[in-house]
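The values are calculated or read from the model by the stated rules, or taken from the named source; none is laboratory data. Keep in mind that this is a model prediction, so the values were computed, not measured. Note that we place each Cβ from the backbone using ideal geometry, even for glycine, and neighbour counts take in every protein chain shown.
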Amino acid sequence: MTGKIVTDRMKADKCLTPSRSRSHKKHHNYSNKYTKKLGQLGYKGIRKDGYFTKFYSYGVVGHCCIFVQYWFIMSGLKAFVPSSKGYIWNTNKYASYLKSEPTIKGYGKVDWTSDPKKAKVGAVVFKGKKGHKSFTHTCCFLKYKDGYVYTVDGNISGKYKGKKVNNGLVKKRKASSYRWGFANMPYKQK
């Protein structure tokens with residue numbers, strides 16, 4: 001399995017979903033096909049109907065991270081998603097884990113870099129603005145060109161350039177948006 005294969009699957013996924021919502025306070029946030037699947041797989045913190053068990057003031061932590069980890073699992077790369085504690089990791093926890101450059105059993109070591117020129121297709125990207133202490137977004141790296149980073153983004157809501165946003169949308173952002181870095185995952189061809 002290569003990074004390109006994983007990102008191609010992400011790009012092909014055009015499921016329209018909201019990213020997060022405060023309108024389901026009874027159920028603590030949102031539910032979509034990604035959270036439902038992970039809840040059915042038995043991950044702690046997500047009910048079988050896809051709703052999270054913990055409510056956050058701004059919705060749910062890791063709404064974009066769910067999309068990335070969902071596709072690792074669906075691509076047969078469960079080892080890329082820490083499961084020893086039985087839950088899907090939120091954006092900040094997942095970033096901290098990958099930033100520690102762990103060795104993923106059966107695959108190899110995660111290569112963390114802050115240089116977009118050294119990022120590889122399928123790297124997990126963490127977006128954050130200068131001065132922010134936490135990670136604000138998770139997505140997967142496609143390429144770097146002329147000072148811009150291109151990624152595959154999921155679980156996005158709202159409109160982009162007047163059009164309703166799909167999951168699997170390719171986004172183009174200035175490289176400075178990604179000061180937190182890129183986690184090059186140890187993909188291998190099966």
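Within the stretch 8-28, does at least one residue satisfy the condition of being modelled with pLDDT of 90 or more and touching a Gly at 6+ places or on another chain (Cβ under 6 Å)?
yes
For a quick check of your reading of the model, give me the residue pairs whose first member lies in the stretch 38-54 and is free of Cβ contacts under 8 Å to residues at least 24 places away in the same chain, whose second is outside any loop (DSSP other than H, G, I, E, B), with beta-carbon atoms closer than 6 Å and at least 6 apart or on different chains.
The qualifying pairs are G39/I46; R47/G39; K48/G39; K48/Q40; G50/T35; G50/K36; G50/G39.
Filter the stretch 129-150 for residues that are of a type outside the set (V, I, T) and in contact with a strand residue (DSSP E or B) (Cβ under 8 Å, 6 or more places away or on another chain) and give the result.
S134, F135, H137, C139, C140, F141, L142, K143, Y144, G147, Y148, Y150
Please determine whether any residue of the stretch 114-137 is surrounded by fewer than 19 Cβ atoms within 10 Å (Cβ to Cβ), of a type in the set (S, T, N, Q), at pLDDT 80 or above and more than 17 Å from the chain's Cα centre (by Cα).
Yes - at least one qualifying residue is present in the stretch 114-137.
Consider G86 carefully, then state whether it is modelled with pLDDT of 90 or more and not polar (S, T, N, Q).
On the way: modelled with pLDDT of 90 or more: no; not polar (S, T, N, Q): yes.
No, not satisfied.
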